[in-house]
Amino acid sequence: MNISTLIGVAGCFGMVGLGIITGGSGLMTFYDLPSILIVVLGSYFGLFTFGSIPNTIGIFNTISLTFKTANFNETALIRQLMNMSEKARREGLLALEEMLDDLDDEFIKKGLRLVVDGTDAEIVRNLMETELGQMQERHVAKIKVVNMWGTLAPGLGMLGTVIGLIGMLKNLEDKSALGPNMAVALITTLYGSMVANLLMIPWSGKLQTMDATEAKVKEMAIEGVLSIQAGDNPRILGMKLLTYLNPLDRKTVEAEVLKD
Amino acid sequence: MNISTLIGVAGCFGMVGLGIITGGSGLMTFYDLPSILIVVLGSYFGLFTFGSIPNTIGIFNTISLTFKTANFNETALIRQLMNMSEKARREGLLALEEMLDDLDDEFIKKGLRLVVDGTDAEIVRNLMETELGQMQERHVAKIKVVNMWGTLAPGLGMLGTVIGLIGMLKNLEDKSALGPNMAVALITTLYGSMVANLLMIPWSGKLQTMDATEAKVKEMAIEGVLSIQAGDNPRILGMKLLTYLNPLDRKTVEAEVLKD
Amino acid sequence: MNISTLIGVAGCFGMVGLGIITGGSGLMTFYDLPSILIVVLGSYFGLFTFGSIPNTIGIFNTISLTFKTANFNETALIRQLMNMSEKARREGLLALEEMLDDLDDEFIKKGLRLVVDGTDAEIVRNLMETELGQMQERHVAKIKVVNMWGTLAPGLGMLGTVIGLIGMLKNLEDKSALGPNMAVALITTLYGSMVANLLMIPWSGKLQTMDATEAKVKEMAIEGVLSIQAGDNPRILGMKLLTYLNPLDRKTVEAEVLKD
Amino acid sequence: MNISTLIGVAGCFGMVGLGIITGGSGLMTFYDLPSILIVVLGSYFGLFTFGSIPNTIGIFNTISLTFKTANFNETALIRQLMNMSEKARREGLLALEEMLDDLDDEFIKKGLRLVVDGTDAEIVRNLMETELGQMQERHVAKIKVVNMWGTLAPGLGMLGTVIGLIGMLKNLEDKSALGPNMAVALITTLYGSMVANLLMIPWSGKLQTMDATEAKVKEMAIEGVLSIQAGDNPRILGMKLLTYLNPLDRKTVEAEVLKD
Amino acid sequence: MNISTLIGVAGCFGMVGLGIITGGSGLMTFYDLPSILIVVLGSYFGLFTFGSIPNTIGIFNTISLTFKTANFNETALIRQLMNMSEKARREGLLALEEMLDDLDDEFIKKGLRLVVDGTDAEIVRNLMETELGQMQERHVAKIKVVNMWGTLAPGLGMLGTVIGLIGMLKNLEDKSALGPNMAVALITTLYGSMVANLLMIPWSGKLQTMDATEAKVKEMAIEGVLSIQAGDNPRILGMKLLTYLNPLDRKTVEAEVLKD
């Protein structure tokens, strides 16, 4: 559970709700079904025009990722790669074969199998980097759909307000209805702004950070696999991988991993 | 038929229409011929100032592409390239000549003919990459026209509203006409926003994705042709090309292609 | 004559004019001299602050280029370069000297003279690419002035409207003048939007495309000159240069150039 | 103490306050608790949706950095590196070991220890550059949270104003309350604009400059460590490092460092 | 004296002034002290929050550069470098030593002294390019402060208008003061827009062009110094440097420099 996103979304809507109530209006003043149709559903359909069906229907899966904690366990990865590096140095690359089954990570597994099979280092790097690149492109395609929702929602919010204003202005006879009609017209702008500012813009940012973190861990894995293949000193490998950690985590692992 | 685009455009306009009707106005309230002249035709003419005649007249062809499914059939491509790779290894590069006529794809055909003719690998890569680059530049030129429509339409929408307001303000005598006149003035803003948000922005995004997918497939082809020329192991070629697929498609093909 | 730009500018203003007339106002309603002073002249003077005197005074020359058809005649260029390539292969590089005087293009002429003089290939490439790069920088400097007009004009339009509103609000006694005064205030916004949306934004886009096309032709020339110097196969040179053409033009030339 | 930031923040708010008072309103006119809830707290919660908990809670630490003077003391660094370079040339790289304990900077210390241990130059550069790159990525992650506050605050300001307007328009009976209600509605826009323009935008810019300066000093350190390992002339090292200083500082150090 | 900037600033303000007067208001209508405090001084203090004290106080020096003509005299530079190239070829690199004292340009002088001292070409290029890069970073830091003023001024202008509107709306009793109060509120928007559109945006653009020109001249110098060191043909050096000039200047110098 990613508590941060939960706090963020709950806090944001809570503050807006509190602001509304302390401002003296009821929350139901701000509920309007046609506005939801135009802004929320209208912009959601716009995503079909933009993206593929799987990415558009799957947007809720994409968004749900921001509520999950992605734990890549970089320190365990470092220990594992250093162990294998030592084993490979002592007993040869073939000795890694039996360790492959214990690996959970498909990416490292595939890379190491290539190494055990005696594939050329250049090809191993090429294959692993292409796979990382393709994974990032798939992520970007999904994040773009979230971004697009953040772009289209305020657009449709403004469009809905203009529609409301036109309807109101064409029929000005009942002066007393002027205010409420204009209020309704403004609700679409409110919805559009909420979808973008409270949800899509921060979600899209978090998804980008998550993708960057995953890419960093995969880069560590590539670095590790190639270093094992080259028969580098495990200590040097450890130092290389530790530079990817932030200073706090690094200190904890450093003592244990490098000083024995 | 690209159902996604169809759902998107129909759903978007449907939601806006439903929002209008549930909001109590008739759809005809939002029809205004002079506004169409200024916003839709005006911004279309602006595209002639920006782009070439073929790309501007051809914009409807460009847009119609978003309603078609581009099926590049990457898995068939992978099988084909692996078959040729094996044949070339067993029987030599010249043996590929007879297979060339069966190829539909002009791009791979041209590349392989160069290979069969014994052209230098550097030149083959250079020619294929230049051709890919020029194809992408032609696509970008066309997509830019779609983008420009999405930029000019809201510009002319705002311009039309200012024109309407000026006309109305110069002649304020008939107070009862004030509202309806202002409503008409706002219709251009509505049209500009619809052209941009419901159509051009998502279409342009989809066209960019389609171009990126086509470029990816062509990159796979270049990779394959050069790998065949270099006499690489067909298994390694298969692994290389499989990394371009998404994990789902990959699993299906992997079993069949690599394990035999 | 670049008919596209002509159609675009005429059509854009025509549509806006038609929209005004069908909307019931006269065209003269939208003429206001002080607004022209502030928006058009004011933003033009701003260009002097931004750019150099030659580029600012020369902006009308820059703009007039969008009304001219730039015919680079790529197919003639390909034929010419292939002829020279063949001649150089048969009779040696010095044999090209007599052909130099027939060349109109100063850029290729200069490159080939360097080749005939026996200059090192690396230096020839370096000189031709620096010249191409400097040409593009000069173009960009000019295009930036057009861009800046498109940025400053709406800025001054908004500024003029604020000025008009302030003047009007300070003096509210004559209620009947309120509407017309506000109308006049809005005319600067109209002018600013027209200068940007109908003129500068599309012109700047077209100028960028023209620069890119010219750069592409110059790149073809560099490719050709270096290929001639290296004594490459004229057929390979032809194939290289043909990849720069679009598929339609390519087909026409291909038959003639490669099959003889 | 970074006096510049202090002057900036105090001066900015002072000027706005002075403008308010000379304009005849009291400062308390602009205090409204619900508006603070929506804009300041609402956008702060939005940061949790976007960023990680440590970076969001730590944003006040990040911001407090702009009030501290970061003194990297480049001239002392240059003298130190030149001393070590001379010592290493005269007495060998191992002679540097005893100097390591006197170094405060962990980054150079780690680099030099690798050099003393006889690590390959390519690996030393690789490790130091990865560490610098990771440090910058951590900084960027923190700066992005500050940026995001500057994006969300005006968004919520606008949202709050729309909420206020809707509440007011729904209930137009008491005409005398119209003005004050609208005033309250506008206060959120004011808060949003202040958070962004007076605080987050300039702070984020200053943090970026601070990160760039730190990166520059670390680049000087990498340059120095590698130069010491390569046994370069200390004079050349001095000249290399001096080019990183601005002309004023350079002149002062140059006389002392290069001329003895 | 850079007449272009002078014409630009004078013309811009002149046109706006003329527009005001022909529009029937007096210029003093647009003078308001509290607005100047908020917009001009307020945004100036914001620069302290963003930048360093020297760059913020020195912004008037930075801006004053746009009124000065930077004459780099490229043609004299080309002649000088060609002379030295010939001398170095005939009499050896050491013969350049006596010419160094006549050089005004510190940058070339430093480069040539390194060459005379027999420094390695790679180090000479490295030192000169780092110095050029650092110069550009210092320029960019100063230009960013000008840019930031252009960003903050309209921000504070809008903020001031919101402050004015709130003050006015809270106190609606005196209906006759409504118009003038709103007029005053709008003056901050006017000031913000003027600071940005008439001054900072074009100035910042001109400063960027000036920096690019200076960098180009320094690149010519690096090219020249390295070419002299390598003992290249002075004619080739001349041709290389001439490609940096625009066609007009080139023709004038070409005749004189290359044909003798």
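Worth a mention:
- Residue check, residue D:132 surrounded by fewer than 23 Cβ atoms within 10 Å (Cβ to Cβ) and more than 30 Å from residue A:179 (Cβ to Cβ): yes
- Considering each residue of the range B:96-104 in turn, none proves to be part of a helix (DSSP H, G or I) and within 11 Å of another protein chain (Cβ to nearest Cβ).
- Selected residue (criterion: nearest to residue E:169 (Cα to Cα)) from residues of the range D:35-47 that are buried (at least 22 other Cβ atoms within 10 Å of the Cβ) and in contact (Cβ under 8 Å) with a residue 40 or more places away in the chain: D:35
- Of all the criteria given as (1) modelled with pLDDT under 90; (2) in contact with a Phe, Trp or Tyr (Cβ under 8 Å, 6 or more places away or on another chain); (3) surrounded by 15 or more Cβ atoms within 10 Å (Cβ to Cβ), the one not satisfied by residue C:5 is (1).
- Hey, residue E:163 out of contact with any Asp or Glu (no Cβ under 9 Å at 6 or more places or on another chain) and part of a helix (DSSP H, G or I) or not: yes
- Of the residues making up the range C:133-148, at least one is assigned to a helix (DSSP H, G or I), small (Gly, Ala, Ser) and farther than 21 Å from residue C:61 by Cα.
- Residue that is nearest to the other protein chains (Cβ to nearest Cβ) [pool: residues in the range A:48-58 that are crowded, with 20+ Cβ neighbours inside 10 Å and β-branched (Val, Ile, Thr)]: A:49
- Of the candidates C:237, C:156, C:207, C:198, the single residue that is aliphatic (A, V, I, L, M) and facing chain B (nearest Cβ under 9 Å) is C:198.
- Selection of the range E:115-132 for residues being acidic (Asp, Glu) and assigned to a helix (DSSP H, G or I) yields E:122, E:129, E:131.
- Contact map, the range C:48-74: first residue more than 14 Å from residue B:49 (Cα to Cα), second residue among the basic types (Lys, Arg), Cβ cut-off under 6 Å, separation 6 or more or different chains; pairs are C:50/E:206; C:55/C:142; C:62/C:142.
- One residue stands out in the range B:184-222 among those that are free of Cβ contacts under 8 Å to residues at least 24 places away in the same chain and surrounded by 19 or more Cβ atoms within 10 Å (Cβ to Cβ): the one that is nearest to residue A:50 (Cα to Cα), namely B:205.
- Scanning the range B:76-94 for residues that are of a type outside the set (Gly, Ala, Ser) and over 32 Å from the mean Cα position of the chain (by Cα) yields B:86, B:87, B:89, B:90, B:91, B:93, B:94.
- Lone unmet requirement of (1) surrounded by 15 or more Cβ atoms within 10 Å (Cβ to Cβ); (2) more than 28 Å from residue A:39 (Cβ to Cβ) for residue B:32: (2)
- Filtered residue count, the range D:5-33, keeping only those that are without any contact (Cβ under 8 Å) to a residue 40 or more places away in the chain and either among the aliphatic types (A, V, I, L, M) or facing chain A (nearest Cβ under 8 Å) (or both): 9
- Filtered residues of the range B:159-174 (kept if charged (D, E, K, R) and at the interface with another protein chain (Cβ under 7 Å from one of its Cβ atoms)): B:170
- In summary, residue B:177 fulfils each of the numbered conditions (1) among the aliphatic types (A, V, I, L, M); (2) at the interface with another protein chain (Cβ under 9 Å from one of its Cβ atoms); (3) assigned to a helix (DSSP H, G or I); (4) without any contact (Cβ under 8 Å) to a residue 60 or more places away in the chain with the single exception of condition (2).
- Residue tally, condition crowded, with 20+ Cβ neighbours inside 10 Å and among the β-branched types (Val, Ile, Thr), over the range E:120-129: 1
- Residue in the range A:79-100 that is hydroxyl-bearing (Ser, Thr, Tyr), buried (at least 19 other Cβ atoms within 10 Å of the Cβ) and farther than 30 Å from residue A:156 by Cβ present: yes
- Condition met for residue D:67 (aromatic (Phe, Trp, Tyr) and either touching a Gly at 6+ places or on another chain (Cβ under 7 Å) or closer than 30 Å to residue D:228 by Cα (or both)): no
- Verdict on residue D:112 being in a helix (DSSP H, G or I), facing chain A (nearest Cβ under 10 Å), out of contact with any Asp or Glu (no Cβ under 8 Å at 6 or more places or on another chain) and surrounded by 18 or more Cβ atoms within 10 Å (Cβ to Cβ): no
- The range C:148-167, residues that are surrounded by fewer than 24 Cβ atoms within 10 Å (Cβ to Cβ), among the aliphatic types (A, V, I, L, M) and within 17 Å of residue E:22 (Cβ to Cβ): C:165
- Looking only at the range A:4-44, residues that are on the phi > 0 side of the Ramachandran plot and either in contact with a Pro (Cβ under 6 Å, 6 or more places away or on another chain) or among the charged types (D, E, K, R) (or both) come to 0 in all.
- For the range B:120-150, the candidate set comprises residues that are among the β-branched types (Val, Ile, Thr) and within 7 Å of another protein chain (Cβ to nearest Cβ); within that set, the residue that is nearest to residue B:41 (Cα to Cα) is B:130.
- Look at the range D:97-123: where a residue is assigned by TED's automatic domain parsing to the domain that holds residue D:73 and a partner is of a type outside the set (D, E, K, R) and not in a helix (DSSP H, G or I), sitting 6+ places away or on another chain with Cβ atoms under 8 Å, you get D:109/D:103; D:112/D:103.
The values are calculated or read from the model by the stated rules, or taken from the named source; none is laboratory data. All values derive from a computational prediction rather than experimental measurement. Positions of Cβ are generated from backbone atoms using ideal geometry, with glycine treated the same way; all protein chains shown enter the neighbour counts.
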